[in-house]
Amino acid sequence: MTHPIPQTMLAARITAYGAPQVIVLDARPVPRPKAGQVLVRVHAAPVTAGDARLRSGDVPRGMGLLLRIAIGWRKPRVAPGLAFSGEVVALGAGVDSLSLGQRVFGVKGFKGGAHAQYVTMDAAGMILPLPDGLTHEQGAAFFFGGITAAEFLLDKAHLKAGERVLIAGATGAVGSAAVQIAAHMGAQVTATASAQNLDLARQLGASTALDYRAGPVQGQFDVIVDVMGTYLWAGAKPLLSPHGRLCLITADLGSTLAAALRPHRAGRRVIGGTAVESRAKMQRLINLHLAGAYTPVLGDVLPFSQLPRAHAIADSFHKRGNLVVTMAP
Ligand SMILES: NC(=O)c1ccc[n+]([C@@H]2O[C@H](COP(=O)([O-])OP(=O)(O)OC[C@H]3O[C@@H](n4cnc5c(N)ncnc54)[C@H](OP(=O)(O)O)[C@@H]3O)[C@@H](O)[C@H]2O)c1
């Protein structure tokens with residue numbers, strides 16, 4: 001059931017790099033879909049580590065200059081909000097792949113704009129039907145960590161059944177997806193998390209869950225997913241099996257460049273870089289969900305009006321699963 005489309009909507013804007021208070025909600029005209037586009041009334045959108053970093057400018061060492069060259073010197077030129085879940089409320093000319101009232105979810109990527117009550121999307125772009133059984137909150141939580149985990153584990157590290165995997169930082173957006181996907185692949189998963197999240201790590205499929213504050217991890221692993229860049233090559237090397245792969249989800253500039261320039265080290269491989277979303281990767285993650293391999297972990301759910309508070313939580317890098325804001329109708 002569709003609602004009348006208002007003239008104006010609330011949309012987030014970042015006034016400068018800085019603390020969560022730099023996020024403001026403005027009244028803005030509701031965009032009109034062009035030919036080939038749809039207008040989506042957003043029900044929920046994630047507030048991710050990526051949103052927090054783009055707003056604060058707080059990125060791993062050496063990356064700050066690159067960030068500012070890419071997205072703006074004094075303030076980010078990108079609109080906030082990387083992904084959304086909602087309902088199609090208007091169709092541009094020539095759209096027949098989606099229909100009015102259809103539940104959809106999608107990825108805006110780094111151009112952003114999903115922290116708004118309405119978004120336009122190319123119907124052939126990164127927007128797909130939301131599977132039955134997923135709420136809009138889960139739809140909002142679906143892609144950010146899931147696409148990253150799948151890309152590093154499946155495309156880059158070529159994880160195989162029976163391999164030993166260490167997921168260091170296992171219960172945030174990326175880690176909670178990585179544990180599920182690795183366990184589904186038949187890997188033997190060791191997870192690290194803080195003490196209060198160890199049960200969650202086991203529920204997601206880790207056979208061993210260790211408190212990262214209790215002491216160093218022992219053992220040999222075929223794949224290490226270094227979610228927060230707390231291992232890097234020096235810390236991971238003694239734990240990597242002879243053909244082991246290290247996935248640097250977070251890394252400073254030096255480690256990222258070294259991974260690109262010298263990926264092969266002592267028979268092992270160091271993998272860095274940024275996951276890039278695509279419609280095909282979205283569909284693969286949906287297929288993993290339909291196969292029972294992945295369901296996003298939903299943590300805090302806040303109203304859109306509390307977007308600055310949501311950013312403050314995302315700033316902590318101790319989220320439980322995914323944090324989502326829900327838009328008022
Ligand atoms: N390369 C890419 O393409 C890509 C894509 C997405 C995200 N990222 C980056 O990946 C990182 C994680 O993103 P996210 O969305 O998963 O963040 P998140 O939801 O905030 O989760 C962070 C996770 O790291 C754990 N953690 C925090 N401090 C730790 C420490 N000192 N040692 C071990 N674990 C620690 C937390 O565990 P507890 O809460 O249990 O303490 C939590 O599980 C961010 O730096 C983000 O920018 C990179």
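The values are calculated or read from the model by the stated rules, or taken from the named source; none is laboratory data. Model, not experiment: these values are computed from the prediction. Backbone-built Cβ (ideal geometry, glycine too); neighbour counts: all protein chains shown.
A few remarks follow.
- Conditions (1) in contact (Cβ under 8 Å) with a residue 40 or more places away in the chain; (2) touching a Pro at 6+ places or on another chain (Cβ under 9 Å): number failed by Gln7: (1)
- Some residue of the range 189-201 being in contact (Cβ under 8 Å) with a residue 60 or more places away in the chain, buried (at least 18 other Cβ atoms within 10 Å of the Cβ) and within 10 Å of the ligand (Cβ to nearest atom): yes
- Extreme residue, surrounded by the most Cβ atoms within 10 Å (Cβ to Cβ), among residues of the range 272-309 that are away from the ligand (no atom under 12 Å from the Cβ) and of a type in the set (Gly, Ala, Ser): Ala293
- The residues in the range 224-249 that are buried (at least 21 other Cβ atoms within 10 Å of the Cβ) and not small (Gly, Ala, Ser) can be counted, and the count is 11.
- Qualifying residue in the range 102-118 (condition: among the hydroxyl-bearing types (Ser, Thr, Tyr), closer than 27 Å to His318 by Cβ and touching a residue at least 40 places away in the same chain (Cβ under 8 Å)): no
- Single condition Arg269 does not satisfy, out of (1) in a helix (DSSP H, G or I); (2) in contact with a Lys or Arg (Cβ under 7 Å, 6 or more places away or on another chain); (3) more than 15 Å from the ligand (Cβ to nearest atom): (1)
- Residues of the range 313-329 that are more than 11 Å from the ligand (Cβ to nearest atom) and surrounded by fewer than 16 Cβ atoms within 10 Å (Cβ to Cβ): Ala328, Pro329.
- Qualifying residues in the range 48-69 (those that are of a type in the set (A, V, I, L, M) and within 17 Å of Thr15 (Cα to Cα)) - the one farthest from the ligand (Cβ to nearest atom): Leu67
- Among (1) modelled with pLDDT of 95 or more; (2) closer than 30 Å to Leu91 by Cβ - the single one Pro4 does not satisfy: (1)
- Single residue of Gly50, Gly81, Gly86 found to be among the small types (Gly, Ala, Ser), under 23 Å from Met121 (Cα atoms) and in a helix (DSSP H, G or I): Gly50
- Within the option set Gly125, Gly113, being more than 10 Å from the ligand (Cβ to nearest atom), within 19 Å of the chain's Cα centre (by Cα), on the phi > 0 side of the Ramachandran plot and surrounded by fewer than 23 Cβ atoms within 10 Å (Cβ to Cβ) holds for one residue only, Gly113.
- For the criterion of being buried (at least 18 other Cβ atoms within 10 Å of the Cβ), polar (S, T, N, Q) and over 21 Å from Thr15 (Cβ atoms), Ser85 passes.
- Of the criteria (1) in a strand (DSSP E or B); (2) within 12 Å of the ligand (Cβ to nearest atom); (3) in contact with an Asp or Glu (Cβ under 9 Å, 6 or more places away or on another chain), which one Leu210 fails: (3)
- Matching option when the condition is in a strand (DSSP E or B), in contact (Cβ under 8 Å) with a residue 60 or more places away in the chain and away from the ligand (no atom under 16 Å from the Cβ), among Ala45, Ala12, Ala27: Ala12
- For the range 242-256, the set of residues classified as assigned to a strand (DSSP E or B), in contact with a Lys or Arg (Cβ under 9 Å, 6 or more places away or on another chain) and within 15 Å of the ligand (Cβ to nearest atom) consists of Arg245, Leu246, Cys247, listed by residue number.
- For the range 257-264, the criterion of a residue being under 23 Å from Leu154 (Cα atoms), in a loop (DSSP other than H, G, I, E, B), in contact (Cβ under 8 Å) with a residue 12 or more places away in the chain and more than 9 Å from the ligand (Cβ to nearest atom) is satisfied by no position.
- Ser85 free of Cβ contacts under 8 Å to residues at least 12 places away in the same chain and among the hydroxyl-bearing types (Ser, Thr, Tyr): no
- Any hit, the range 137-152, residues being among the charged types (D, E, K, R), farther than 25 Å from Val22 by Cα and within 14 Å of the ligand (Cβ to nearest atom): yes
- Residues (away from the ligand (no atom under 13 Å from the Cβ) and among the aliphatic types (A, V, I, L, M)) located in the range 158-188: Leu159, Ala161, Val165, Ile181, Ala182, Ala183, Met185, Ala187
- Check on Arg202, more than 25 Å from Ala258 (Cα to Cα) and not in a helix (DSSP H, G or I): no
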